[in-house]
Every structure is written in structure tokens, then in C-alpha cells.
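Read the figures in this text as sums done on the coordinates, not as results from a lab. Since the model is a prediction, treat every value here as computed from it, not as a measurement. Cβ: placed from backbone, ideal geometry, glycine included. Neighbour counts: every protein chain shown.
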Amino acid sequence: EIVSKTSFISSVSIPSIRRIAAANFMNLVFVLSCCYRSNFSEMVEPVVLRHQSGPVVILTINRPKKLNALSRQVFESISANLDDIAKDIKNIGCVLLTGAGRAFSAGNDIKGDTPSDALATKVIDQIEGLPQPVIALVNGMCYTGAFEVVAACDIVLCCEKNAYFCDTHAKLGIVPTWGGNFRLPRRVGLAQAKKIFFTCKQISPTEAKELGLVADIVPEGELVEEGMKLANDICKNSRISIMRQKRMINAGWQHTIKQALDILAPGKFHPGHEFTLKDAASNL
């Protein structure tokens with residue numbers, strides 16, 4: 001057998017060997033390009049786009065081919081942007097968070113660069129605790145991990161036709177670990193939150209608004225425009241007041257009613273008493 005193979009090789013001309021080698025090399029290049037094209041494109045393009053218009057910053061999850069799945073890199077990029085935004089309250093009064101293409105986000109990138117629970121929880125806490133209001137603009141699907149992200153946003157707007165929400169943890173045999181099972185009941189009530197978690201059924205825009213998850217439903221193609229209008233309306237008011245009210249409201253969720261009332265009792269410190277009426281007048 002070895003002799004026959006050797007005889008075959010010796011009978012092939014040098015130009016033929018070169019042609020075979022060149023063809024195999026091109027096939028190898030093609031295979032490698034197919035395997036790594038999507039990853040390479042993400043190395044070239046930012047996974048989170050940032051655009052600022054006046055006092056409003058738009059953060060766009062930019063993985064449309066992966067339905068904006070939440071990878072480690074996505075969370076790290078959102079975190080870095082939020083750190084920067086939090087330091088610039090003078091020039092930034094509101095943040096819009098949305099997704100590129102036909103989805104807000106399909107949720108956790110379980111088949112790719114999966115983020116750790118610690119990282120995801122930290123970034124979602126950043127969204128909730130950001131001094132400026134965060135408005136989620138939901139276009140297309142908002143699934144599971146993305147649902148947990150949206151639950152941490154201050155206000156949610158969605159498209160009237162193609163937006164839908166769903167939590168699939170129970171279908172996958174896992175539990176929410178990014179805080180969604182604590183935040184969602186506060187938004188929609190205990191019974192409705194359990195129904196969402198236990199049934200794994202899709203929630204339409206109309207249902208989401210009835211539940212109190214969504215503030216407004218907007219016409220198709222006008223989501224960013226309406227989000228900008230709302231953000232600019234917010235930015236017309238005192239940023240100091242809005243930021244402190246957000247902090248007070250969020251803190252109220254972490255206490256009983258009695259504890260919250262005690263915090264606001266006359267003569268006791270709370271965020272709204274950090275500045276005087278003179279300071280307030282200067283902010284108008």
C-alpha cells in the first residue's frame with residue numbers, strides 16, 4: 001500500500017501538487033472565515049453603541065445577528081458607559097437603553113460568552129442605581145435575562161406590534177439569579193409576577209401596559225423618537241430633584257412603610273433635605 005501511494009505521488013507533476021495545495025489552502029481559509037466571521041465582526045464593531053443628543057444618551061446593544069444576547073462583553077461595555085454617565089450629571093440628564101435590529105435582547109448568551117451572575121447582577125444594580133433615569137425602549141423580544149434588565153429600568157416603552165416579554169427560566173429548568181424575581185413583583189404585583197414566572201407565556205404590549213410593566217405603547221417605527229421626547233421632557237425639570245427623588249423611591253422599596261415614613265419624619269435626614277430652597281431656586 002505504501003509503495004502504491006508513493007508511486008501515485010511520484011506520478012503527479014509539481015504544478016499539479018501546487019494546484020492541489022492552493023485549492024486546499026483556499027478551502028481552509030473559507031472554513032475558518034465561516035467559523036470566525038461573527039466573532040471577528042464583534043471584535044471590529046462595538047457591542048454597545050453610544051450616542052448623545054443634548055442631555056440624552058442612547059445606549060444600543062449591538063449584536064443584531066445574535067438577537068442582542070447578553071454576553072460578558074455586553075455587560076462590561078454597559079458598565080463602563082454607566083460609570084462614565086454617572087460622573088457627568090451636569091451634561092447628561094437621562095439614558096435610553098435599546099437593542100439594534102429586531103430584538104431588544106433574547107436574554108443571556110448561554111451558548112457564547114456567558115456572563116457571570118456576579119457581573120450581570122452588578123450591572124443591573126448599576127442601571128437601577130444610576131443617578132439619571134433610565135428608559136428602556138423595547139423593540140421585538142425581551143426574554144428572560146433581558147426581562148430582568150428591563151425590570152431594573154425606571155420607565156419602559158415598547159412598540160405596539162412586535163414587542164413581547166417572556167421569562168423562560170422555568171422552561172429551561174433554572175431560576176432567575178439577576179434579581180428579576182425580586183424586582184418584577186414590585187412592578188406588577190406578587191400574583192401576576194408568579195404567573196409570569198410559572199407559565200413562561202409571552203406578554204403582549206397591551207398586557208404589559210395593563211400589568212404596569214410598560215408605561216406607554218408607541219407606534220411602530222417611532223420608538224426612539226417617542227423615547228427622546230419623554231427623555232427631553234424629563235430633562236426640562238430640575239435634575240437634582242429628579243435624581244434625589246429616584247433615590248428616595250428606590251430606597252422606599254427596600255424598607256417597610258413604617259421605616260420609609262420614619263426616614264421622612266421632620267428633622268431627620270433624607271436625600272431631599274440635602275439642599276435649601278435657595279439652592280432649589282438656583283436650579284430653576
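Within 11 Å, Cβ to Cβ, of Ile203, how many net charges do the neighbouring residues add up to if Lys/Arg are +1 and Asp/Glu are -1? Net of charged neighbours comes to 0. For trypsin sites (Lys or Arg not before Pro), the sites in segment 87-144 that DSSP calls loop and that have at most 12 other Cβ atoms within 10 Å are Lys87, Lys90, Arg102, Lys111.
In summary, the aspartates and glutamates within cross-link reach of Lys122, defined as a Cα separation below 18 angstrom excluding same-chain residues under 8 places away, comprise Glu76, Asp83, Asp84, Asp109, Asp113, Glu148, Asp154.
Count the net charge of all other residues whose Cβ sits under 12 Å from the Cβ of Ile249, scoring Lys and Arg as +1 and Asp and Glu as -1. Net local charge, Ile249 excluded: +2. The mean sequence separation of alpha-carbon pairs under 8 Å and at least six residues apart, normalised by the residue count of segment 80-153, gives a relative contact order of 45 percent. Derived scalar couplings between HN and Hα for segment 233-240 equal 4, 5, 5, 6, 9, 4, 5, 4 Hz in order, rounded to whole Hz, by the Karplus curve 6.51 cos²θ - 1.76 cosθ + 1.60 (θ = phi - 60°), x for Gly and Pro.
When a/c reaches 1.5 or more, the comparison of a/b and b/c decides; with that in mind, is segment 102-165 rounded, prolate or oblate per its Cα gyration tensor? Taking the square roots of the gyration eigenvalues as a ≥ b ≥ c, segment 102-165 is oblate.
Once both labels are positioned 7 Å from their Cα atoms along Cα-to-Cβ, the gap between Ser204 and Lys122 label points is 4.2 nm. If the cut-off is 20 Å between C-alpha atoms, which lysines fall inside it for Lys229, apart from same-chain ones fewer than 8 positions away? Qualifying lysines at Cα under 20 Å: Lys90, Lys209, Lys246. Counted by Cβ distance under 12 Å from Arg239, the other residues give a net charge of +3, where Lys and Arg count +1 and Asp and Glu count -1.
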